[in-house]
1. Can you report the number of residues in region 7-16 which are part of a loop (DSSP other than H, G, I, E, B) and either among the hydrophobic types (A, V, I, L, M, F, W, C) or surrounded by 23 or more Cβ atoms within 10 Å (Cβ to Cβ) (or both)?
2. Which ones in region 36-71 are outside any helix (DSSP H, G or I) and touching a Gly at 6+ places or on another chain (Cβ under 6 Å)?
3. For region 21-39, check the following and say yes or no: at least one residue is under 24 Å from Arg177 (Cα atoms), of a type in the set (D, E, K, R), within 16 Å of the ligand (Cβ to nearest atom) and free of Cβ contacts under 8 Å to residues at least 24 places away in the same chain.
4. Among the residues of region 154-178, write down those that are more than 12 Å from the ligand (Cβ to nearest atom) and surrounded by 17 or more Cβ atoms within 10 Å (Cβ to Cβ).
5. Could you tell me whether region 23-35 includes any residue that is more than 18 Å from Val141 (Cα to Cα), among the β-branched types (Val, Ile, Thr), touching a Gly at 6+ places or on another chain (Cβ under 7 Å) and not in a helix (DSSP H, G or I)?
6. When residues of region 142-156 are filtered for being touching a residue at least 12 places away in the same chain (Cβ under 8 Å) and farther than 14 Å from Leu172 by Cα, how many remain?
7. Do any residues in region 161-180 that are farther than 22 Å from Gly130 by Cβ have Cβ atoms under 6 Å from those of residues that are open to solvent by 50 Å² or more (accessible area, probe 1.4 Å) and of a type outside the set (Ser, Thr, Tyr), where the two are at least six apart or on different chains, and which pairs are they?
8. If I filter region 60-117 down to residues being more than 15 Å from the chain's Cα centre (by Cα) and on the phi > 0 side of the Ramachandran plot, which single residue comes out as surrounded by the most Cβ atoms within 10 Å (Cβ to Cβ)?
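The values are calculated or read from the model by the stated rules, or taken from the named source; none is laboratory data. Computed from a predicted model, the values in this text were never measured in an experiment. As a convention, Cβ positions derive from the backbone with ideal geometry for all residues, glycine included, and neighbour counts pool all protein chains shown. Quick note on the areas: whole protein, heavy atoms, side chains included, nothing else; ligands and nucleic acids left out. Shrake-Rupley method; radii C 1.70, N 1.55, O 1.52, S 1.80 Å.
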Amino acid sequence: MTHRIGVLLSGRGSNFEALADSVSAGRIPNAELSIVVSNKPNAPGLERAAARNIPTRAIPSKGLEREVYDRQVAAVLREYNVDLVCLAGYMRLLSPFFVAAFPQRILNIHPSLLPSFPGLESQKQALDYGVKFAGCTVHFVDENLDAGPIILQAVVPVLDSDDEHTLSARILKEEHRIYTQAVKIVLEGNYKIAGRRVLDSV
Ligand code: GAR
């Protein structure tokens, strides 16, 4: 069976492209990216998806209550029979309705070692705090911000010479790598969730 992945994004779309490359190259087997949805009609990620002939949909959120908006997004994902939702720089909190609509089938990538530095500008938060190691996290999504059981993390050093730009670039490279790995793990189903822990099922 071919898994049908829906991607939600708000911006640049480099994580989307990394997933698309991995699907094309067979690093994520038995899968296709079926639809890319953005709350930002001008998101460069939408153009990047269209250039790959992946269907796209812009659904502006302005003035809509969270659940009303999320029902529209869920309807599009259903239309494309999506069975895994990947948030890739999607800068919106999901409603309980949306989370319940795709139970344990929503993944997010976040540019910090959660639970440190949730929310916005995580790389700047890490620099300002003075940590010596930063990184990224792929996790299942629940109703809370950047929470939910952790599937994979990757660590990168913070160098004395780093600014937000250089640290973000080092983290982003790891984001692209572990998002593919995490999607593969989830689609293959070789895991179990015990409390907050995502464990090998073997
Ligand atoms: C990525 O660094 C991603 O981890 C982050 O937004 C960026 C999107 O880049 N996501 C969050 O901060 C979510 N809380 P991209 O559009 O190039 O994938």
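1. 1
2. Ala43 - this is the single residue of region 36-71 that is outside any helix (DSSP H, G or I) and touching a Gly at 6+ places or on another chain (Cβ under 6 Å).
3. There is at least one residue in region 21-39 that is under 24 Å from Arg177 (Cα atoms), of a type in the set (D, E, K, R), within 16 Å of the ligand (Cβ to nearest atom) and free of Cβ contacts under 8 Å to residues at least 24 places away in the same chain.
4. Scanning region 154-178 gives Val156, Val158, Asp162.
5. yes
6. 10
7. Matching pairs, first to second residue: Thr180/Arg27.
8. Phe117
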